[in-house]
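First comes the structure, then the notes that go with it.
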Amino acid sequence: VDRGVDRGVSGEGTTWALRTNGTLEDANVHLAALEAAGLLGISEEDGRATLWFPARAEGLPLGGDWEPVEDRDWNARSRALLTPVTVGTVTVAPPWAAGQGDLVIDPAQAFGTGHHETTTGCLAALQELALDGRSVLDVGCGSGVLAIAAARLGAGSVTALDIDPLAVKAARANAAANAATVEAVEGSVDAAGDRRFDVVLANLDTTTLARLADRLVARLAPGGTLIASGVGLERQAEAVGAFAAAGLAVLVRAGGEWAVVVGHVRPAPGTAG
Ligand SMILES: C[S@@+](CC[C@H](N)C(=O)[O-])C[C@H]1O[C@@H](n2cnc3c(N)ncnc32)[C@H](O)[C@@H]1O
């Protein structure tokens, strides 16, 4: 099934396009607010971003001209215009725009085209670690983008979990398309059993992270690193508090609207280092 980035819009009816005077970067700055307003996708033509919505939306941070678009047209345009995104050495691209060596993600089925700031933040944090031969757990893998990136960056084993069976299916398909070895399993952190990992990735949301903090930290091997996102800037303290209470020394990398929480297991009291 290849329906572009329509995120579940049916083939019937009308989609609305807001042709803004801003660029793709301008739109990305406001991504969280736009998504809260129902954003389906963004495309760029001649340096101007077009935002796609299921209906006209009020009170948006970006202005412009609204235009109704037949869904069929929207699908075709969005397919053609979804652009590759590069973070460090990793470029994530949809199949129809992929170049040699790109990490290819079919965006039709699950969250994780690589464009969201929470994903790019995790991709950046991941590339600061020495992954060679390390074991990686990705909780909330969505399309599998982070898990596949970890495999490409040299991880020795990668396990990807998601409570959404469609995401697990998409992660498996995307891993196969990238010739990446990723074990994708349906379930939350408990599906990892008693195994411990050198790196635990969790791009979820603050409430879920706080709820799962103890269990995510319990999956870290000695010396391991947690990379978590889905944390809005206004909720950084909550996420930091939860992971600190679970035993991590925590560092926050704040982006435009989202933060990435990076945590290391604190040495037990009385031990060196
Ligand atoms: C924001 S997406 C992240 C996708 C991808 N990892 C990325 O960084 O682009 C979050 C994913 O977590 C999944 N999810 C939500 N709650 C979860 C939980 N408690 N355990 C496992 N997965 C969960 C959702 O189904 C969704 O696919």
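Step by step: first the residues of the stretch 186-220, then only those that are basic (Lys, Arg) and within 16 Å of Ala245 (Cβ to Cβ), then the one that is farthest from the ligand (Cβ to nearest atom). Which residue is that? In this case the residue turns out to be Arg215.
Quick check, is Asp106 within 20 Å of Thr159 (Cα to Cα) and either more than 16 Å from the ligand (Cβ to nearest atom) or touching a His at 6+ places or on another chain (Cβ under 7 Å) (or both)? Here the answer is no, as Asp106 does not meet what is asked.
Taking the stretch 15-97 as the region of interest, the helices (runs of 4 or more DSSP H) fully inside it that hold 2 or more residues being more than 29 Å from Ala150 (Cβ to Cβ), modelled with pLDDT under 85 and in contact with a Gly (Cβ under 7 Å, 6 or more places away or on another chain) are 71-81.
Taking strands (runs of 3 or more DSSP E) as the structural unit, those lying wholly within the stretch 106-224 and holding at least 3 residues that are surrounded by fewer than 19 Cβ atoms within 10 Å (Cβ to Cβ) and modelled with pLDDT of 95 or more correspond to 183-186. In the stretch 110-127, the residues that are under 14 Å from Val252 (Cα atoms) and in contact (Cβ under 8 Å) with a residue 24 or more places away in the chain reach residues that are polar (S, T, N, Q) and near the ligand (Cβ under 6 Å from one of its atoms) with C-beta atoms within less than 9 angstrom, at least six apart or across chains, in these pairs: Thr118/Asn203; Gly121/Asn203; Cys122/Asn203.
Exactly one condition in (1) within 16 Å of the ligand (Cβ to nearest atom); (2) outside any helix (DSSP H, G or I) is false for Leu251; which is it? Answer for Leu251: the failing condition is (1).
Candidates are the residues of the stretch 157-185 that are acidic (Asp, Glu) and closer than 23 Å to Ala221 by Cα; the one that is nearest to the ligand (Cβ to nearest atom) is Asp162.
The values are calculated or read from the model by the stated rules, or taken from the named source; none is laboratory data. Quick caveat, the model's predicted, so the values are computed rather than measured. Because the Cβ atoms are built from the backbone with ideal geometry, glycine has one as well, and the counts that use them run over all protein chains shown.
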